[in-house]
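For reference, the structure is listed below as C-alpha cells.
The values are calculated or read from the model by the stated rules, or taken from the named source; none is laboratory data. Computed from a predicted structure; not experimentally measured. With ideal geometry, Cβ positions are generated from the backbone for all residues, glycine too; neighbour counts draw on all protein chains shown.
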Amino acid sequence: MLPIFLAQDHGTFVNMISVGGFVATPYAAAYAASKFGLRGFSKALRGELSKHPRIHVCDVYPTFVDTPGIDHAANYTGAKLSLPPGALAPETVAKAVVRLADHPRNTTVVGAPAVAMKVGHFFVPNLSAAMMNGFMDRWTDKAEAGPDSSGALFDPPGSVSGIEGGRRHPDRRRKAAAVGVAATAGLAVLGVLRWRRA
C-alpha cells in the first residue's frame, strides 16, 4: 500500500486501534501491547511521511464495540464475558472511519467512555490505570462463571458470524455517556490541581 501512496503522492491509512492504545487493559497484557505498538507504528510512519503532506495516517480509538469478537476470543478468566455499558454499534465506528477518507486527522476517539479514558490518562495516568483495574475487577466479579475456551484461536468459530454482537443496551449506553462526561470533568480537575501543586 505504501509504495502506491508514494507513487501517487496521496492516500489515507486508517489504523483501527482501541482506547486500549492509551490506557492499558488489565488482564489483557498481550492486547495492550499490540495496541500500544500500533500507536507507535502510526507515529513512526507519520514521521517518515512528513515530507508527503497528502499522505495521511489516521488512528481510530473506539471503546468497546458490539461485534461477535467477544464470542470468538479466547477466554481463560473463568467467567462469561459481556460488554460493559457504553459499547458502540459497529456502524458508529464505521462512520468515523469513512469520515476520515474525506477529512483525515491523526487521532479519532469514538465513544464517551473512550474520551474519558484518554483525557483521564493524560491528566492523571496512575489514577486512571488504578480506576481501570478496579473497573475490570468489578466487571469480572459480577460475571457468571464460565468454562475456559480457546475461542477461535486454533479453529474457526462454529457458529455463523455477523457484524453485530447483539449485546448492546442503548439505555446503558446513555448512562455510560453521562458517567463518561462526569469522569472526564473530574479527572481533568484533578489533573489541573495536581499540576498547580507541582
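Some notes on this structure:
- Cβ pairs under 7 Å, 6+ apart, first in region 80-92 and closer than 13 Å to A114 by Cα, second of a type in the set (V, I, T) and part of a strand (DSSP E or B): A87/V65; L88/V65; L88/V110
- Any hit, region 110-126, residues being closer than 22 Å to D141 by Cα, more than 13 Å from the chain's Cα centre (by Cα) and not aromatic (F, W, Y): no
- Among the residues of region 15-41, those that are under 19 Å from L100 (Cβ atoms) and either among the basic types (K, R) or surrounded by fewer than 18 Cβ atoms within 10 Å (Cβ to Cβ) (or both) comprise N15, M16, K35, L38, R39, F41.
- Leading residue by the ranking (nearest to A112 (Cα to Cα)) among those in region 43-58 that are in contact (Cβ under 8 Å) with a residue 24 or more places away in the chain and charged (D, E, K, R): R46
- In region 29-42, the residues that are of a type in the set (G, A, S) and in a helix (DSSP H, G or I) reach residues that are surrounded by 14 or more Cβ atoms within 10 Å (Cβ to Cβ) and modelled with pLDDT of 95 or more with C-beta atoms within less than 6 angstrom, at least six apart or across chains, in these pairs: S42/N15; S42/V57; S42/D59.
- Number of positions in region 93-138 that are outside any loop (DSSP other than H, G, I, E, B) and either among the aliphatic types (A, V, I, L, M) or crowded, with 16+ Cβ neighbours inside 10 Å (or both): 28
- Counted residues, region 42-82 - those being surrounded by 14 or more Cβ atoms within 10 Å (Cβ to Cβ), among the hydrophobic types (A, V, I, L, M, F, W, C), farther than 26 Å from D141 by Cβ and more than 16 Å from the chain's Cα centre (by Cα): 4
- Of all positions in region 161-177, at least one carries a residue that is among the hydrophobic types (A, V, I, L, M, F, W, C), outside any loop (DSSP other than H, G, I, E, B) and either under 30 Å from F13 (Cα atoms) or modelled with pLDDT under 80 (or both).
- Of everything listed in (1) of a type outside the set (A, V, I, L, M, F, W, C); (2) at pLDDT 85 or above; (3) within 27 Å of F154 (Cβ to Cβ); (4) over 14 Å from the mean Cα position of the chain (by Cα), the single unmet condition for P104 is (3).
- Count - residues of region 48-75 that are assigned to a loop (DSSP other than H, G, I, E, B), over 16 Å from Q8 (Cβ atoms) and among the charged types (D, E, K, R): 1
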